[in-house]
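Please read the structure below before turning to the comments.
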Amino acid sequence: MAACIANSRCETSSTDPFTLDSNKCQISTRCRNQPCRLNLSNLVSGKISNWGGKKVSNSSKTILHDEDEDGLWLKIQEEALHDLEQEPILLKYYYSSILSQVSLESALASHLAMKLSNAHIASDALMEVFLGVFREDHEARRAIRDDLKAVRERDPACISYVHCLLNFKGFLACQAHRVAHKLWSQGRKVMALLIQSRISEVFAVDIHPGAKIGRGILLDHATGIVIGETAVIGDNVTILHNVTLGGTGKVSGDRHPKIGDGVLIGAGTKVLGSIRIGEGAKIGAGSVVLKEVPPKTTAVGNPSRLVEGKEKLVI
């Protein structure tokens, strides 16, 4: 790239290796008339083990190389450096969130812990919980990557992977739910429900930890999404804001919808009861769905009606 790499000519502090002090090296100023560039290898090789005196947790040093063969984590780090060339004021934020982390899992765990912690729930404790699940659950690690790719590919508002990882609350809520669901399945219901509550408060997304969610999920905008305990969502599903996958209030037990692979559910839709939405179906915005929707059809309205499909079905 055109920008030069910050080197020994740039003065740095022994306790603060990358500083925004105007008297020291800044990526916002010049390096022989070109923007200074942070050295990626120095940032991510593990040579720098603290930031502002805060030590990195030993457990966060677990690198899950098998998941990174596609280069997604490296791509995220490169995008972070590119962002810093444009917005150097974000240096400490990006360093703490991305560039000081040793894996995608540690970055995500740290970011979620920061978001979901409060005065009584320490971020360090939450980070250990998230890392513990990511370390043990290969499917969760795979789902993280599939979800990142789904958002980047299917949401035109997503400008980069790092943008999704740091700023898309639908993505973050979904990953936190994956942890809560794992804990729920292990019988750790108190912790699972606590995480659900914090997700709801912070991201305005309420997903019961018992709900099963596949991979390649896009929760677009995400505000107001409610998903009940016995709901099942397949792979490559897109759900917009203010969608409810709920019960009718008349039954207990298995009482929530089953959403097939590749389904699109429009904003404000209510899908109620233990009904199936077939693979590849589309539900129009504002619909209220009380009956099964066949695969590859479109349902609209309140109550919903089928308007098209392979055989132009109209009822």
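Let's see how each residue does on (1) surrounded by fewer than 20 Cβ atoms within 10 Å (Cβ to Cβ); (2) in contact with a Leu (Cβ under 9 Å, 6 or more places away or on another chain):
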position: F203; (1), (2): no, yes
position: A222; (1), (2): no, yes
position: V226; (1), (2): yes, yes
position: G249; (1), (2): yes, yes
position: G260; (1), (2): no, no
position: V271; (1), (2): no, yes
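Report the residue count in segment 195-215 for those that are under 16 Å from V129 (Cβ atoms) and of a type outside the set (S, T, N, Q).
So the answer is 5.
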Legend entry - Pairs with Cβ under 7 Å, 6+ apart, first in segment 171-193 and under 12 Å from I207 (Cβ atoms) and without any contact (Cβ under 8 Å) to a residue 40 or more places away in the chain, second crowded, with 20+ Cβ neighbours inside 10 Å and polar (S, T, N, Q): A180/Q196
Inset, instruction - Could you please find all residues in segment 116-132 being over 20 Å from Q77 (Cβ atoms) and within 15 Å of the chain's Cα centre (by Cα)? - result: L116
Legend entry - Search result, residues across segment 172-200 that are open to solvent by less than 10 Å² (accessible area, probe 1.4 Å) and more than 20 Å from E136 (Cβ to Cβ): L172, A173, I199
Inset, instruction - Determine whether segment 181-196 contains at least one residue that is out of contact with any Asp or Glu (no Cβ under 7 Å at 6 or more places or on another chain), of a type in the set (S, T, Y) and either within 23 Å of G278 (Cα to Cα) or at pLDDT 95 or above (or both). - result: yes
Inset, instruction - Might you let me know whether segment 231-238 holds any residue that is among the aliphatic types (A, V, I, L, M), farther than 22 Å from A109 by Cβ, modelled with pLDDT of 95 or more and surrounded by fewer than 20 Cβ atoms within 10 Å (Cβ to Cβ)? - result: yes
Inset, instruction - Select, from Q196, Q175, Q186, the only residue that is within 14 Å of the chain's Cα centre (by Cα) and among the polar types (S, T, N, Q). - result: Q175
Inset, instruction - Grab the strands (runs of 3 or more DSSP E) fully contained in segment 204-315, keeping just those with 1 or more residues being within 29 Å of M191 (Cα to Cα), of a type in the set (V, I, T) and under 23 Å from the mean Cα position of the chain (by Cα). - result: 244-246
Inset, instruction - Output the qualifying pairs, or none if there are none: Cβ atoms under 6 angstrom, residues six or more apart or on different chains, first residue in segment 260-281 and of a type in the set (A, V, I, L, M), second residue open to solvent by 40 Å² or more (accessible area, probe 1.4 Å) and at pLDDT below 95. - result: L272/T248
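The values are calculated or read from the model by the stated rules, or taken from the named source; none is laboratory data. Bear in mind that the values here come from a model prediction, so they are computed numbers and not experimental data. Quick reminder, even Gly has a Cβ in these numbers, built from the backbone with ideal geometry, and neighbours come from all protein chains shown. Just so you know, the surface numbers come from the protein's heavy atoms only, side chains and all, with ligands and any DNA or RNA stripped out. Shrake-Rupley method; radii C 1.70, N 1.55, O 1.52, S 1.80 Å.
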